[in-house]
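Since the structure comes first, as structure tokens, the remarks are kept for the end.
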Amino acid sequence: MYCGSCLRDNALAAALIAEGHDVTLLPLYTPTRTDEPNVSQRKVFFGGISVYLEQRLPLFRHTPRLLDRLWDAPAVIGAFAGHAIQTDPRLLAGITVSILRGEDGYQRKELGKLLDWVRHQPVPDVVSLPFSLLIGLVRPLRETLGRPVCVTLQGDDLFLENMPEPWRTESLELIRARVADVDVFIAVSEYYARFMRGYLGIPAGRIEVVPLGINLEGHGLERPATRDDRFRVGFLARIAPEKGLDVLCEAYRLLRQGPEAPPAVLEAAGYLGAEYKPYLAGIRAKMRHWGLESEFRYHGEVDRGAKIRFLQSLDVMSVPSTYDESKGLTILEAMANGVPVVVPRRGSYPEMIARTGGGLLVEPDDPEALAGAILSLRRDRDVARRLGEAGYAGVRSHYSAARMAARAIEVFESQVAVTAVDRLSRARSGGSGAS
């Protein structure tokens, strides 16, 4: 699937490269998949097949690397991704705990491959890991490179909270025990910085915010010339209960029942995993029961071009998540195309709306409130237009990839400066070696 974290990290790396910085983006587990030019390396570390085999079969913890290359090739991993390679936290609990143990985990051979590779590359100024779930790699990387290691926080809790016990508790304990290893944590929103400070026990002053940014190329105010006059309500996210498509469908039903109900259609797009096909089938059954089946269209997973065309066809966009969303990339993408959004007052959404002015906030998990806000934008086209224009400008002012890259460089440079001062201090006092 197009992973929001991969999209964010690829956009950051591409923007840094465009500014003249040297960036090496290394895929872990599977090749990264993005809907724009992919700047990651072809090589995959901690390949999903090796990680699985080493977890399940002790023999593979000792096989020679020459043999491992047979299933570590990106093409081989890619062929299995989506079939044999899992991303479900309920199925990856044991592997997650093992990776968090770092040098003491079953995948220590994979860690050795990574460390051997980085030893033969130009030494970076800073290393950035994409999740606290990889915090077991921090200490070995710092000891090997003598450089600061940052950890990004972008939805880690959703994965952890869906892990079964006792692995969830053990994972949290392992992460909290290694917080001190990290030079700085980077949160993708103000909300997530506040939440994760308490959730992981991160000390004050050890977490910085680098707001999300998107590549704005192709996003604009264009609208399809062949559009009819039906009011188009849109949803773009993974098709999963936590993203709230069922909540939006209920709101749409209420919207269509009112005396002023406009001709309308509910358009949905996004990745659908096999485990959630019954969820979508249930939504279709409800829409059929309500007599609205002909007004609901699921477009599947969309690439970048199709995504932009999809967004530009909408009158309003809503992803009424039933949990506190740390990111919300598709909300930014909708606003980048001048589409007003209606989202619940939770997670990162309030700060996005406050910064951009591009939408309305409603009470969480309340289809009636959601329907009322959406209908208000149909009734007052001037308000909808002003919100769309504000979102269009606000995303460009606050959430561009270039702005994200500039803020990331501020954080990275501050850590490089601290490390340089620390090394100089130790040298003057007669110490040696990097910590």
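The values are calculated or read from the model by the stated rules, or taken from the named source; none is laboratory data. As the structure is a computational prediction, the values presented were derived from the model and not from experiment. We place every Cβ from the backbone using ideal geometry, glycine too, and count neighbours over all the protein chains shown.
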| query | Exactly one of (1) β-branched (Val, Ile, Thr); (2) part of a helix (DSSP H, G or I); (3) buried (at least 17 other Cβ atoms within 10 Å of the Cβ) is unmet by Thr169. Its number? | reply | (3)
| query | Does the stretch 388-403 contain at least one residue that is modelled with pLDDT of 95 or more, buried (at least 23 other Cβ atoms within 10 Å of the Cβ), under 26 Å from Thr152 (Cβ atoms) and not hydrophobic (A, V, I, L, M, F, W, C)? | reply | yes
| said: Based on this model, can you work out whether Gly205 counts as assigned to a loop (DSSP other than H, G, I, E, B), under 27 Å from Leu16 (Cβ atoms) and modelled with pLDDT under 95? | reply: yes
| query | Among the candidates Arg101, Arg33, Arg90, which residue alone is under 25 Å from the mean Cα position of the chain (by Cα) and loosely packed, with under 13 Cβ neighbours inside 10 Å? | reply | Arg90
| task | Considering every residue within the stretch 348-368, establish whether at least one is under 18 Å from the mean Cα position of the chain (by Cα) and of a type in the set (A, V, I, L, M, F, W, C). | result | yes
| query | Here is a list of conditions, (1) out of contact with any Pro (no Cβ under 8 Å at 6 or more places or on another chain); (2) surrounded by 15 or more Cβ atoms within 10 Å (Cβ to Cβ); (3) over 15 Å from Gly105 (Cβ atoms), and Glu54 meets all of them except one; can you say which number that is? | reply | (3)
| request: Answer yes if at least one residue in the stretch 406-420 is under 13 Å from Pro148 (Cβ atoms) and modelled with pLDDT under 70, and no otherwise. | output: yes
| query | Could you say which residue among Gly273, Gly234 is of a type outside the set (D, E, K, R), closer than 30 Å to Pro89 by Cα and in contact with a Phe, Trp or Tyr (Cβ under 9 Å, 6 or more places away or on another chain)? | reply | Gly234
| request: For residues that are part of a loop (DSSP other than H, G, I, E, B) and out of contact with any His (no Cβ under 9 Å at 6 or more places or on another chain), scanning just the stretch 256-272, find the one that is surrounded by the most Cβ atoms within 10 Å (Cβ to Cβ). | output: Leu272
| remark: The helices (runs of 4 or more DSSP H) lying entirely within the stretch 273-386 that contain at least 2 residues which are out of contact with any His (no Cβ under 7 Å at 6 or more places or on another chain) and surrounded by 22 or more Cβ atoms within 10 Å (Cβ to Cβ) are 304-312, 329-336, 349-356, 367-379
| task | List every residue pair whose Cβ atoms sit under 9 Å apart, with the two residues 6 or more apart in sequence or on different chains, where the first one lies in the stretch 271-291 and is in the same structural domain as Glu301 (by TED's automatic domain parsing) and aliphatic (A, V, I, L, M) and the second, anywhere, is exposed (fewer than 12 other Cβ atoms within 10 Å of the Cβ) and not in a helix (DSSP H, G or I). | result | Leu272/Gly300
| said: If the requirement is being acidic (Asp, Glu), under 21 Å from the mean Cα position of the chain (by Cα) and outside the structural domain of Asn10 (by TED's automatic domain parsing), which of these qualifies: Glu217, Glu222? | reply: Glu217
| Taking the condition outside any loop (DSSP other than H, G, I, E, B), within 26 Å of Glu413 (Cβ to Cβ) and in contact (Cβ under 8 Å) with a residue 40 or more places away in the chain, does Leu114 pass? | yes
| said: Going by what's in this entry, would Arg232 be described as of a type outside the set (A, V, I, L, M), out of contact with any strand residue (DSSP E or B) (no Cβ under 7 Å at 6 or more places or on another chain) and in contact (Cβ under 8 Å) with a residue 60 or more places away in the chain? | reply: no
| said: Here is a list: Val319, Val416. Which entry is in contact with a helix residue (DSSP H, G or I) (Cβ under 7 Å, 6 or more places away or on another chain) and among the β-branched types (Val, Ile, Thr)? | reply: Val319
| said: Going residue by residue through the stretch 198-213, is there one that turns out to be of a type in the set (A, V, I, L, M), surrounded by fewer than 20 Cβ atoms within 10 Å (Cβ to Cβ), farther than 19 Å from Ala15 by Cα and without any contact (Cβ under 8 Å) to a residue 40 or more places away in the chain? | reply: yes
| In the set Pro89, Pro122, Pro140, which member is more than 28 Å from Thr63 (Cβ to Cβ) and either assigned to a loop (DSSP other than H, G, I, E, B) or modelled with pLDDT of 95 or more (or both)? | Pro122
